[in-house]
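Okay, structure first, notes after.
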Amino acid sequence: MQERGERRAVKRFLLAVLATLGFVLTSPIATRVQSADAGTASPTVKVWFLVGEQLVSVVRPGSTPQAAVQALIKGPSVAEYKLGYRTYVPPATVLRSLTVAHGEATVDLSLNFALGNAQSLDARLSQLVHTASGFDGVTRVHLLIDGGTAYGMFPGVVTALPITLEQLETPAVPVWTIPNPAPGPAVPDLLAAQRRLVALGFLLPGDADGKDDKVVRVIPVSTGKPSTPTPAGNFKVYAKFAKWWSTPFQEWLLWAVPFNGGVAFHEFPQVPAYAASHGCVRQMATTARWLYNFSVVGMPVKVIGNSK
Amino acid sequence: MKTAVAGALVALSAFAPATVKMATIEMATIEMATIEMATINTTTPKPAATLTPGQLTVGVSLPSAGFETGVARGTHVIYAQGFDIDLALDIAKRLDLAHVEFVQSRFGDLVSVGKKPWDIAVAQITITAARSRNVSFSRPYMTVDQGVLAAKALSPLPHSLAGLRPLQLCALRGSTGADVAKTRVAPEQTRTTARQRPHHDAGLAVRRLSGGYLRRTDSRRAQSAGPTYYGTFVGLVPTAEHYGIALPKGSPVDRPGRCRARRVDLERDGPTAREQVVVGRPGQGARAALTPGAPAQRDSRAS
């Protein structure tokens with residue numbers, strides 16, 4: 001009965017999102033993960049990973065930039081990984097040296113740090129700069145690759161010069177627009193969607209008539225691809241951004257409604273009929289603004305299942 | 001069949017003042033089916049004579065997104081990738097040279113008079129009469145036009161050469177883009193960069209120029225996402241320039257008959273390279289040529 005009561009309380013916000021996967025419902029959020037060592041008296045360093053489209057920090061034992069970058073290379077813990085934390089730094093990366101002088105950290109990494117697809121390169125560079133900048137006095141990070149200068153290896157970022165957080169966090173791409181967005185698919189039968197959710201076990205049998213918890217809209221989406229699935233769980237919308245700059249991927253997310261760290265509902269130019277995102281719930285222009293207006297901060301979001 | 005627009009930002013300033021509004025780029029038209037590429041007479045039984053026996057030393061001017069990027073310690077390039085790099089590797093293969101060494105150079109040094117520390121230079125070098133007095137060139141391997149980028153905040157966008165004239169233009173000193181800006185657009189408003197610094201690249205240039213941003217070429221993304229990291233593409237100034245591979249005067253590789261044109265099937269040999277150089281926005285009028293027409297009429301379309 002108690003469960004039923006809770007579910008009634010959220011019925012106005014019950015929303016089914018169909019496509020590659022992803023369904024929305026309830027509950028509290030965990031946007032930060034504390035490592036097992038957090039909260040102890042031991043010194044810790046801050047290391048930056050990604051959840052969805054944004055950077056989030058975790059703490060690790062240590063007190064030096066070297067320890068922080070080593071922890072960065074090591075990647076998220078198993079527990080963090082299960083919660084959707086990802087790193088784009090190749091695990092085989094070798095920290096050849098790291099020195100700090102005059103507010104500038106010079107980080108020399110092996111070549112594999114500079115190889116990969118464009119978005120992955122941008123993301124890992126953001127991780128590195130945030131992590132190495134987390135120390136008193138360090139405001140710039142000079143990246144070396146195998147002791148040499150990287151020319152054009154990180155698209156859009158000049159690594160021949162020291163890099164700053166401000167540089168990465170400043171939106172550098174115009175906000176994209178879709179002049180004539182394609183019309184969305186036909187509005188499906190909401191009652192059929194209601195029954196489908198019942199059949200899948202996401203709603204109780206008594207909800208099949210749609211008189212209690214009610215599907216109000218069915219939205220085609222593209223959620224996290226298998227390597228970066230949309231983390232399942234119960235969350236709440238914690239902010240709304242008409243446009244949200246993704247520092248790691250250097251791109252705009254429009255009509256963003258984040259509910260789990262950097263995981264958000266947002267508009268995106270490409271919404272393929274398969275899971276393709278970094279963890280977010282992509283929508284087409286035809287629905288993203290509607291969901292943005294529909295959402296309120298604190299709105300429960302329940303992600304049921306994810307890409308396999 | 002011409003099916004793609006390719007380009008590289010080679011003629012603008014990385015150090016332009018904030019008031020600079022325009023930049024020029026070289027836009028290349030790829031013959032998608034075939035491309036003429038300098039290569040070597042493969043009937044020669046012995047490897048070509050080069051500066052270092054058994055090795056082809058290639059002058060490059062990193063970086064240029066899509067064409068040549070990499071890592072260098074001083075002038076010693078320890079890793080390189082891109083269209084130009086693939087081209088040089090293919091030439092070495094046809095020369096029966098097992099080793100290839102890339103040497104980082106300033107662009108201007110590649111085409112200046114004097115002794116060269118390389119056997120060939122591949123760096124999107126437009127063949128000009130002036131440069132031909134200093135170095136020899138292969139047959140053209142790519143045909144390009146000058147493209148024009150607008151600063152991020154510029155509105156309305158110009159759609160004619162006349163529309164460019166009130167604006168401040170920026171181009172790399174000594175480049176063919178600077179020549180076009182000075183001779184065909186607006187002599188008074190053209191600024192050229194003081195010099196080409198080692199870290200000069202298109203990304204920095206556009207960023208400084210327009211708040212724009214450069215990312216690896218991805219035509220599919222460009223098609224769907226609108227403005228890209230190159231900044232807003234305004235149009236082309238048709239120049240039909242030709243890129244060629246530079247060779248030192250008198251180089252053994254430069255002897256008649258040693259270097260001759262050969263048709264290379266890009267479909268077969270270069271799908272990766274082809275993808276790297278497609279930076280335009282096919283289907284969105286990216287190849288539209290700027291006309292000399294009156295700005296008042298044509299620019300009224302701008303948004």
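A few notes on this one:
- Residue by residue, region A:114-128 carries 3J(HN,Hα) couplings of 9, 10, x, 6, 4, 5, 5, 5, 4, 5, 5, 5, 4, 4, 5 Hz when phi is fed to the Karplus relation 6.51 cos²θ - 1.76 cosθ + 1.60 (θ = phi - 60°); x denotes Gly or Pro.
- Residue-wise HN-Hα couplings along region A:286-295, as the Karplus relation 6.51 cos²θ - 1.76 cosθ + 1.60 with θ = phi - 60° gives them from phi, are 6, 10, 4, 5, 4, 5, 4, 6, 5, 7 Hz; Gly and Pro carry x.
- Under 5 Å between amide hydrogens, built in the peptide plane, is the criterion, and for B:ARG73 it picks out A:THR149, B:ILE78 among residues at least 5 positions away or on other chains.
- Orientation-averaged projected area, Cα convex hull of region A:153-308 (nm²): 11.0
- With each label modelled as a point 7 angstrom along the Cα→C-beta vector, the A:SER63-A:ASP136 pair spans 1.1 nm.
- Neighbours of A:TRP245 by Cβ distance under 13 Å: Lys/Arg scored +1, Asp/Glu scored -1, total -4.
- Solvent-accessible area, 1.4 Å probe, carbon plus sulfur percent, for region A:51-108: 62
- Of A:LYS82/A:LYS225; A:LYS211/A:LYS243; A:LYS82/A:LYS214; A:LYS243/A:LYS302; B:LYS93/B:LYS116; A:LYS211/A:LYS302, those spanning more than 26 Å from alpha-carbon to alpha-carbon: A:LYS211/A:LYS243; A:LYS82/A:LYS214
- For a label point 7 Å along the Cα-to-beta-carbon line of A:ALA101, residues of region B:67-87 with backbone N under 18 Å: B:74
- For region A:262-269, backbone phi angles converted through the Karplus equation (6.51, -1.76, 1.60; θ = phi - 60°) give residue-by-residue couplings of x, 8, 8, 6, 6, 7, 8, x Hz, Gly and Pro being listed as x.
- Positive minus negative residues near B:LEU56 (Lys, Arg vs Asp, Glu; Cβ under 11 Å): -2
- Interface burial for B against A (accessible surface, 1.4 Å probe, total of both chains, Å², rounded to 100): 2600
- Note on B:HIS76 and A:TYR274: the model spin-label points, each 7 Å out from Cα along the C-beta direction, lie 4.5 nm apart.
The values are calculated or read from the model by the stated rules, or taken from the named source; none is laboratory data. Keep in mind that this is a model prediction, so the values were computed, not measured. FYI the Cβ positions are ideal-geometry reconstructions off the backbone, even for glycines, and counts take in every protein chain you see. All accessible areas refer to the heavy atoms of the entire protein, side chains included, with ligands and DNA or RNA removed. Shrake-Rupley method; radii C 1.70, N 1.55, O 1.52, S 1.80 Å.
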